[in-house]
Amino acid sequence: MTRNQLLSTVKLTAELTPWFNLTGRASIVNANTTVESRYTPVDVAGLQGQYGIETVKNQDMNLEGFGIFHKDELFGGNFSGSLMLGASSLKSRMYGNSAWNSGEKDATYGQSSIYPWIIPNKYYLANTSYNGLFSLPVETWANYNINSVYGIMDLSYKNYLFLQVTGRNDWSSTLPIQNASYFYPSTSLSFVFTDAIQGLKNSNWLNYGKLKLSYAGSANGTDPYLAYYTYSPFVISNYLNAQAPSTFGGVPVRSYKASLPPADALKPQRNTSQEIGLELGFLQNRLGLEFTYYATKSRDQILSSSLAGSSGATSVTFNTGELSNKGFEFIIRATPVRTQDFNWNIVVNGAHNKNKVIALADGIDVYPLQDLWGNNGVRMYVKAGEDYGTIYGYDYTYKNGQKIVAPIYDKTDPTKVVGSRYVTTPDLVPIGNAMPKLTGGISNSFRYKRVSLSFLTDFRIGGQIYSADYAASMANGTAPETLLERDGGGLSYTYPDGSTANHGIVFDGVYADGTPNKDVVHYLYKYAGQYGAWSGVPMPRSNAIFNNSWGKLRELTLTYSVPGKILEGTGFIQGLDVSLIGRNLFTYSRPCLIG
């Protein structure tokens, strides 16, 4: 991948009066990105390879102007404040084109083609035995404008009580005209009580304390060209002559894009949030604590859902649902050691979030996110009243705390047991959740004279994953756990031909009537019968749910500060730090099987 980027900014500020400033700013970002894909030929002659190239051009131009009114000693001298009023205009343009040249027959990735390359092992678009490009280039556009006006008012009282109120109105070209304009406000209040309460001003143990309250709203549009019917860039083929396009009045006929706009006008998606927080500093600020609790709601989310092929379209875009997020964040800062030559600083941060689906649009019971192995595998979808990130699948059923087992009978002899299986739930049920209980990081920094060492670690506690690799290896007999019975460590089992081997197992559980299971069956039922993928028989999926906790050494930095005396001779270097940095050096993860 090659990316060339040019950023340019011009800013002009004028102080027209002691209490009024006027600022204008213009910025342009131009970026050109080229991505090449080269798949090595799979044949000895070097003619069945693949080559693709994609070029994307982006340009973002932003114009902004704002004025700031500011005044101290308002209303008798105890207040100070400022008011910002401004407007901005964003114009974003994107154009991309991509082409693919495949000479590989029956390719399992990329694209297949019956036309091999002409020149062996050469990667370029024209290297094909087809007369032209077998796969036509694809062009994409994504252009949109956002115009905005906004205001920000700040007030402070005696430098310990602070109020901020903001308001912003956007006009987005990605939404229908009737809904293109949307307003969202915010307000915050903070109180530095260690400056307001006389008895705390000279406290030896509490140096700083602030209480924060806030409410904020936000809104945004969507991707370009989703609000209206738009035409596909491809011309409809003439069914009588596939080499010629269909025409009407001499003009080539194009179809609508396969993704449809909503039946109702698309609305902006909105978010509201409330927060309460506390900041504390102790022991000459050698120990600090920040804690924030928040609750947010998101509504009118803009999503896309698949449609049946018989509809003539593949998907439809619409507003739907309401999501709730509640959680907390904290930061602990400490300086355990502070001397003239040595310092040790540590920062611990963490966050917990609970995301719940409050409601979906009328007529929508579930909204699918992803699935593996179809309806008999595992799925993730959102459902009103359920937590976001829930993993669904068939699970074991129980009687008096024990798994229920069902015998499998010989088709020619209904009295002869040839296998066993666990009875699963009749429907998909929650078997895990991907959302973590706690995420965070720990940062340590040590300084001894001119040498400093710092390292940053990240961690995640809780949350589950479904391991398809584990399930497949268990079903196919490639996992080490499957060797016990295969190597003769099982129970005595009699094969249909009368031979015996220690390949038998007994499913741990009871029959539906509570009778303990004692049937000895082949170990195949234990592994392929519990972990298999594509099958018409529902299988329990909780047996491949793992805990997804881990820790990472994200960054390690060793720094030496060159003494000023050495730099004085250069005449132009005032300070110099030499650092050795390593990133993503270590990951610790100990998967724990939940099911």
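All Cα-Cα separations within the chain were binned at 10 Å from zero, giving a P(r) of 3, 9, 13, 20, 21, 16, 11, 5, 2, 0, 0, each value a whole percent of the pairs.
The slack in the chain from Lys91 to Asn62, taken as 0.36 nm per residue of separation less the alpha-carbon distance, amounts to 9.8 nm. Over the C-alpha atoms of segment 396-495, the Rg to Rh ratio, Rh being the Kirkwood estimate, stands at 1.26.
Along its three principal directions, the equivalent ellipsoid of segment 158-217 from the Cα gyration tensor extends over semi-axes of 42, 9, 6 Å, largest first. Once backbone amide H atoms are built at 1.01 Å from N, Leu576 has Val562 as its partners under 5 Å, excluding neighbours fewer than 5 places away on the same chain. Test of understanding: extend the Cα→C-beta vector of Tyr160 to 7 Å, then name every residue of segment 66-89 with backbone N under 15 Å from that spot. Backbone N within reach: 78-79. Backbone phi angles across segment 354-364, fed through the Karplus curve with coefficients 6.51, -1.76 and 1.60 (θ = phi - 60°), yield HN-Hα couplings of 10, 10, 10, 8, 7, 7, 10, 5, 4, x, 10 Hz in residue order; Gly and Pro are listed as x. In terms of distances greater than 26 angstrom between alpha carbons, the cross-link table entries Lys354/Lys403; Lys326/Lys383; Lys356/Lys437 yield Lys354/Lys403.
Surface composition of the chain: carbon plus sulfur atoms contribute 57% of the solvent-accessible area (1.4 Å probe, protein chains only, all chains present).
Taking the Cα centre of the chain as reference, the dipole from Cβ charges on Lys and Arg (+1) and Asp and Glu (-1) amounts to some 1160 debye. Here the mean projected area of the convex hull built on the C-alpha positions of segment 44-158 is 12.5 nm². Applied to segment 509-521, the Karplus parametrisation 6.51 cos²θ - 1.76 cosθ + 1.60 on θ = phi - 60° returns per-residue 3J(HN,Hα) values of x, 10, 6, 4, 8, x, 6, x, 7, 10, 6, 8, 10 Hz, with x for Gly and Pro. In the context of the full set of protein chains, the chain has a per residue accessible area of 59 Å² (1.4 Å probe). A simple spin-label model places the labels of Ile364 and Ile408 4.0 nm from each other, with each point 7 Å out along Cα-to-Cβ. Using 1/(1 + (r/R0)^6) with R0 = 51 angstrom and r between the beta carbons of Asn375 and Gln274, what's the FRET efficiency to the nearest 0.05? Result of the calculation: an efficiency of 0.80. Just to confirm a number: summing +1 for Lys and Arg and -1 for Asp and Glu over residues other than Thr230 whose beta-carbon lies under 11 angstrom from that of Thr230, what do you get? With Lys, Arg at +1 and Asp, Glu at -1, the net is +2.
Close amide H contacts of Asn143 (hydrogens built in the peptide plane, cut-off under 5 Å, sequence separation of 5 or more or a different chain): Met94.
Computed across segment 7-48, the Kirkwood hydrodynamic radius from all distinct Cα-Cα pairs reaches 15.7 Å.
The P(r) of segment 409-559 has a tail past 28 Å containing 45 percent of all C-alpha pairs. Among residues other than Tyr493 with Cβ under 13 Å from its Cβ, the summed charge is -1 (Lys and Arg +1, Asp and Glu -1).
With R₀ fixed at 25 Å, the C-beta to C-beta distance from Thr108 to Thr314 puts the FRET efficiency at about 0.60.
Near Thr397, the amide H atoms lying under 5 Å from its own belong to Ile404, Val423, Thr425; only residues 5 or more places off or on other chains count, and H is placed 1.01 Å from N. Dividing the Cα radius of gyration of segment 331-459 by its Kirkwood radius returns 1.30 for Rg/Rh. The alpha carbon gyration tensor of segment 371-421 gives principal lengths a ≥ b ≥ c with a/c of 1.5 or higher and a/b no greater than b/c, which makes the shape oblate. For the modelled label position 7 Å from the Cα of Leu289 along Cα-to-Cβ, which residues of segment 344-378 have backbone nitrogen atoms closer than 20 Å? Within reach of a label on Leu289, which here means backbone N under 20 Å from a point 7 Å along Cα→Cβ, segment 344-378 contributes 345-353.
Neighbours of Thr424, meaning other residues whose beta-carbon lies under 15 angstrom from its beta-carbon, give a summed charge of +3 when Lys and Arg score +1 and Asp and Glu score -1.
For Phe446 and Asn131, a Förster radius of 45 Å and the Cβ-Cβ distance give a FRET efficiency of 0.05, rounded to the nearest 0.05.
Using θ = phi - 60° in the Karplus curve 6.51 cos²θ - 1.76 cosθ + 1.60, the 3J(HN,Hα) couplings for segment 217-229 round to x, 8, 8, 7, x, 9, 6, x, 6, 9, 8, 10, 5 Hz; x is entered for Gly and Pro. Could you pull out which residues in segment 406-430 have an amide N less than 15 Å from a spot 7 Å beyond the Cα of Ala512, following the Cα-Cβ vector? Answer for this model: 406-409, 421-427. Extending 7 Å from Cα along the Cβ direction at Phe75 and again at Lys201 yields two label points whose distance is 2.2 nm. Each 10 Å bin from zero holds the following percent of Cα-Cα pairs in segment 76-144: 15, 28, 15, 12, 8, 8, 7, 5, 2. Bridging of Lys158 to lysines at a Cα separation below 20 Å is possible for Lys71, Lys201, Lys210, Lys212, once same-chain residues fewer than 8 apart are set aside.
The values are calculated or read from the model by the stated rules, or taken from the named source; none is laboratory data. Since the model is a prediction, treat every value here as computed from it, not as a measurement. Virtual Cβ from ideal backbone geometry, glycine too; neighbours counted across all protein chains shown. With ligands, DNA and RNA removed, areas are computed over all heavy atoms of the protein, side chains included. Shrake-Rupley method; radii C 1.70, N 1.55, O 1.52, S 1.80 Å.
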